[in-house]
Amino acid sequence: MSKTSFGSKLTKCAALALVFGLVAGVGFEGSSYALSKLTGSTTQTAESEAEDTTSSSNTIQATTTSATVTSTNISDVVDSVMPSIVAITTMSIEEVQSFFGQTMEYESEGAGSGIIIKQDDTYLYIATNNHVVEGAQTVTVQFNDESTATAEVRGTDASTDLAVIMVKLEDLSEDTLNAIAVATLGDSDSLSVGDSAIAIGNALGYGQSVTTGVISALNREVTSTDETTGEQTTSYLIQTDAAINPGNSGGALLNETGEVIGINSSKYSDTSVEGMGFAIPISTAKPILEELIQNGYVEETPTAYLGIYGVAVSSDVAVTYNMPEGVYIANIVEGSGAEAAGLTSGMVISQIDGEDVSTMEELKEKVTAHAVGDVVTLTVWVNNNGTYESSEYSVTLTSSTDSESETTEESEDSDDDSSSQAEGPSSDKEQPWSGSEPEGGKPGEDDSDDNGEANNGGSTETDPFGAFNN
């Protein structure tokens, strides 16, 4: 009897505990639900919280993110700018050598883009790339309303890959004149990396298309080679990841407000690399385009010129011959600013206007950044009985054309064997002499041959980059 009573009591206790647990659980969930409704917050399970809050003392902090993300619809920008963009089709004659050695001519069609940048009483002026219209027999422009007109090449500048073509207003209908617009040119100097970029152009000749991206880099140094002359030109361009394909050349690179910040050029693009397009900064292009419109050509600006033959004195050479690092002057061009200032062969230039120079390339870059007639201050090391002492020389930069002409005239009048000609080591050498030691001895020693004539450190090779560049 007692066993039955104990079992009954145990069953009742278990039942009461179960009921209490259910009531407590329902009460807790109800309270949580009511709280979430009042505060708008939600709760997570303990497992989720553990996953989210697990950390380590070695964990790198996450980057912060913006609380607000703005999505911009560029369709309005494109609509307002598209009337100023044109498609260009060119026809040219190309010569091809046949299998039997015969020369055959055939017509070649090219495609490009252009930007309407100006209008006067007679013409509509359109900016494009030089390589788009170079060698073209005919140039046809298609406007936003799909009407076409024949264009003339007003002027080109191969060194900057810019050109201006023009269309007679009388060749355009009233509807076309109402449909087109002159582009608004912006300021590429105010750009920052990461700014939005919009590229519009006649991609692959299929018609106008739009691509978007950002400004990836500014003042990107790009060197191109002229296929005809082999001459190399270095340009400083805007890099963008907005796709710039063949046919886009001459089209517009825009900022988010629709201003033209660059002129696209697929000439500088590499087909093996994606996401790297280039454009000529509009601030660079503006004065050139204005000159092409006004004159039909770009007047060549004289290059500032120092007038020395020289090579780099590397740290190893400096230690070996106990001389300062810099640019060793192998010879002076007569009629140059260097000669007028009193510079002589054997000196070492270490600074220009307080900035260090260690190679001819660096010296050239700093010299050509000046204009003809500017005065620069050179820190020069002069050998005084085996010890180099520094001095400062003020040099008035001259025109390279003037100095080269004077040097050429003197060269024609002198003997081929004359050691007084402006000769120096070749540009690919890093020492100012041939071999391990100059024939006339180390720099600073007697640099004359038996007849007392300067032997230029034993070098008999012409150094074109010395006289040409500086």
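The values are calculated or read from the model by the stated rules, or taken from the named source; none is laboratory data. Quick caveat: nothing in here was measured; it's all calculated off a predicted structure. Neighbour counts are summed over all protein chains in view; Cβ atoms, including those assigned to glycine, are modelled from backbone coordinates with ideal geometry.
Within the range 89-109, not a single residue is in contact (Cβ under 8 Å) with a residue 60 or more places away in the chain and within 13 Å of Val164 (Cα to Cα).
Candidates in the range 368-395 are the residues that are surrounded by fewer than 16 Cβ atoms within 10 Å (Cβ to Cβ) and in contact with an Asp or Glu (Cβ under 9 Å, 6 or more places away or on another chain); of these, the one that is modelled with the highest pLDDT is Thr377. Given the structure, is Ser350 part of a loop (DSSP other than H, G, I, E, B) and of a type outside the set (Asp, Glu)? It is false that Ser350 is part of a loop (DSSP other than H, G, I, E, B) and of a type outside the set (Asp, Glu). Only strands (runs of 3 or more DSSP E) whose full extent lies in the range 91-209 are considered here, and the ones with at least 2 residues that are out of contact with any helix residue (DSSP H, G or I) (no Cβ under 7 Å at 6 or more places or on another chain) and more than 19 Å from Ile293 (Cβ to Cβ) are 103-119, 138-142, 196-201.
The single condition from (1) surrounded by fewer than 20 Cβ atoms within 10 Å (Cβ to Cβ); (2) assigned by TED's automatic domain parsing to the domain that holds Ser113; (3) touching a strand residue (DSSP E or B) at 6+ places or on another chain (Cβ under 9 Å) that Glu174 fails is (3). In the range 80-101, the condition of being closer than 26 Å to Asn255 by Cα and over 30 Å from the mean Cα position of the chain (by Cα) is met by no residue. Of the residues screened, Asn202 is one that is at pLDDT below 95 and either surrounded by 14 or more Cβ atoms within 10 Å (Cβ to Cβ) or basic (Lys, Arg) (or both).
Looking at Glu299, Glu365, which one is in a loop (DSSP other than H, G, I, E, B), surrounded by fewer than 19 Cβ atoms within 10 Å (Cβ to Cβ) and without any contact (Cβ under 8 Å) to a residue 60 or more places away in the chain?
Glu299
For (1) assigned by TED's automatic domain parsing to the domain that holds Gly386; (2) among the aliphatic types (A, V, I, L, M); (3) under 16 Å from Thr377 (Cβ atoms), each residue gets a yes or a no:
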residue: Gly310; (1), (2), (3): yes, no, no
residue: Ser315; (1), (2), (3): yes, no, no
residue: Thr320; (1), (2), (3): yes, no, no
residue: Glu325; (1), (2), (3): yes, no, no
residue: Ala330; (1), (2), (3): yes, yes, no
residue: Gly337; (1), (2), (3): yes, no, yes
residue: Gly342; (1), (2), (3): yes, no, yes
residue: Ser358; (1), (2), (3): yes, no, no
residue: Lys364; (1), (2), (3): yes, no, no
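Of the residues making up the range 177-199, those that are of a type in the set (A, V, I, L, M) and surrounded by 17 or more Cβ atoms within 10 Å (Cβ to Cβ) are Ile180, Ala183, Leu185, Leu191, Ala197, Ile198, Ala199. One residue stands out among those in the range 218-227 that are within 20 Å of Gly201 (Cβ to Cβ) and not polar (S, T, N, Q): the one that is modelled with the lowest pLDDT, which is Val222.
Among the numbered criteria (1) part of a helix (DSSP H, G or I); (2) under 30 Å from Ser235 (Cβ atoms), which single criterion is violated by Glu339? Here Glu339 clears every test but (2). So for the range 311-332 (the condition being buried (at least 17 other Cβ atoms within 10 Å of the Cβ), free of Cβ contacts under 8 Å to residues at least 40 places away in the same chain and closer than 30 Å to Asp187 by Cβ), does at least one residue qualify? No, the range 311-332 contains no residue that is buried (at least 17 other Cβ atoms within 10 Å of the Cβ), free of Cβ contacts under 8 Å to residues at least 40 places away in the same chain and closer than 30 Å to Asp187 by Cβ. Can you report the number of residues in the range 290-314 which are touching a helix residue (DSSP H, G or I) at 6+ places or on another chain (Cβ under 7 Å) and polar (S, T, N, Q)? Result for the range 290-314: 1.
Would you pick out the residues in the range 180-197 that are aliphatic (A, V, I, L, M) and farther than 14 Å from Ser80 by Cβ? Scanning the range 180-197 gives Leu185, Leu191, Val193, Ala197.
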